[in-house]
Amino acid sequence: MKRKTGLVVALDVINEKDAISISEAVVEHIDAIKIGYPLVLGAGIGIITQISEFAPVIADFKVADIPNTDRLICEQAFKAGAEAVIVHGFTGKDSLTECVKTGKQYGRDIYVVTEMSHPGALDFMQTAAEALARMAVESGASGIVAPATRPARLREIRNIVGDLTIISPGVGAQGGSAADAVKAGADYVIVGRSIYGSEHPEVEAGKIADEIKKCR
């Protein structure tokens, strides 16, 4: 994933037509497209292949299982054309290591969730976030996921992971600021509803890309 704008659009739509239309509209303003279960379950895993024609695809599967199952999930995502897969680290080092190993076999990236962007992440995840960040570094992961909704936490996690790539969700509908996230250490900000729910996704994506650019 080459950084041009620092913006990743999250396509949490559920049908192929909308996904293709939005991808076409925003492609000049983004560096990657994040696809999760809603779209894959609605349109099939082949949608990864289709969307990858517009931009690199991050498969946000938040993989969290035993090592063998994790490997199988990552393989399917990579075979479909994903450039990266987002995984959880709380299942343990053996599971995470298997994901990273699989990513390297395909020459693709693994991003490890440290702390999610929603309020519920404070219940359990935040207390483990720093340990998860350290494990991501030790495992050889390409990067981590840290919340744009809590810039202070993002900054703390950046201090732990050094130069690992940080992708940061929560900008827009969840209340996070692209500018604040970048200033706190995010390499890329992830924006979903504010873009795909807009009548003019390309305009909204352009605004956020400009906001990020001013912080560089």
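The values are calculated or read from the model by the stated rules, or taken from the named source; none is laboratory data. Since we're looking at a predicted model, the values are computed, not measured. Note: ideal-geometry Cβ built from the backbone for every residue, glycine included; neighbour counts use all protein chains shown.
Working only within the range 113-138, note down all residues that are assigned to a helix (DSSP H, G or I) and surrounded by fewer than 18 Cβ atoms within 10 Å (Cβ to Cβ).
Once the filter is applied, which keeps residues that are assigned to a helix (DSSP H, G or I) and surrounded by fewer than 18 Cβ atoms within 10 Å (Cβ to Cβ), the range 113-138 yields PRO119, GLY120, LEU122, GLN126, THR127, ALA128, GLU130, ALA131, ARG134, VAL137, GLU138.
Mind checking which residues of the range 66-113 are touching a Lys or Arg at 6+ places or on another chain (Cβ under 8 Å), within 16 Å of VAL8 (Cβ to Cβ) and among the acidic types (Asp, Glu)?
GLU83
Restricting to the range 90-122, what's the tally of residues that are modelled with pLDDT of 95 or more and of a type in the set (Gly, Ala, Ser)?
Counting residues in the range 90-122 that are modelled with pLDDT of 95 or more and of a type in the set (Gly, Ala, Ser) gives 4.
Taking the residues in the range 124-149 that are over 15 Å from the mean Cα position of the chain (by Cα) and within 16 Å of GLY170 (Cβ to Cβ) as candidates, determine which candidate is modelled with the lowest pLDDT.
MET125
Does the range 68-82 hold any residues that are within 21 Å of PRO56 (Cβ to Cβ), surrounded by fewer than 21 Cβ atoms within 10 Å (Cβ to Cβ) and either of a type in the set (A, V, I, L, M) or touching a residue at least 40 places away in the same chain (Cβ under 8 Å) (or both), and which are they?
Once the filter is applied, which keeps residues that are within 21 Å of PRO56 (Cβ to Cβ), surrounded by fewer than 21 Cβ atoms within 10 Å (Cβ to Cβ) and either of a type in the set (A, V, I, L, M) or touching a residue at least 40 places away in the same chain (Cβ under 8 Å) (or both), the range 68-82 yields ILE73, ALA80.
Mind telling me which of the residues ALA43, ALA19, ALA32 ends up being within 20 Å of ILE212 (Cα to Cα), among the aliphatic types (A, V, I, L, M), surrounded by 20 or more Cβ atoms within 10 Å (Cβ to Cβ) and modelled with pLDDT of 95 or more?
ALA32
Name the pairs whose Cβ atoms lie under 9 Å apart, with the first residue in the range 2-19 and farther than 17 Å from ASP109 by Cα, the second surrounded by fewer than 16 Cβ atoms within 10 Å (Cβ to Cβ) and among the aliphatic types (A, V, I, L, M), and 6 or more positions between them or separate chains?
Going by the 9 Å Cβ cut-off, the qualifying pairs are ILE14/LEU41.
I want to confirm something. Restricting to the range 162-179 and keeping residues that are more than 16 Å from the chain's Cα centre (by Cα) and at pLDDT 95 or above, which single residue is farthest from VAL8 (Cα to Cα)?
Top of the filtered list is GLY162.
Which condition number does GLU24 fail, the rest of (1) touching a strand residue (DSSP E or B) at 6+ places or on another chain (Cβ under 9 Å); (2) over 27 Å from MET135 (Cβ atoms) being met?
(1)
Under the condition of being farther than 17 Å from SER52 by Cβ and not aliphatic (A, V, I, L, M), which residue from the range 7-16 is surrounded by the most Cβ atoms within 10 Å (Cβ to Cβ)?
Among them, the one singled out is ASP12.
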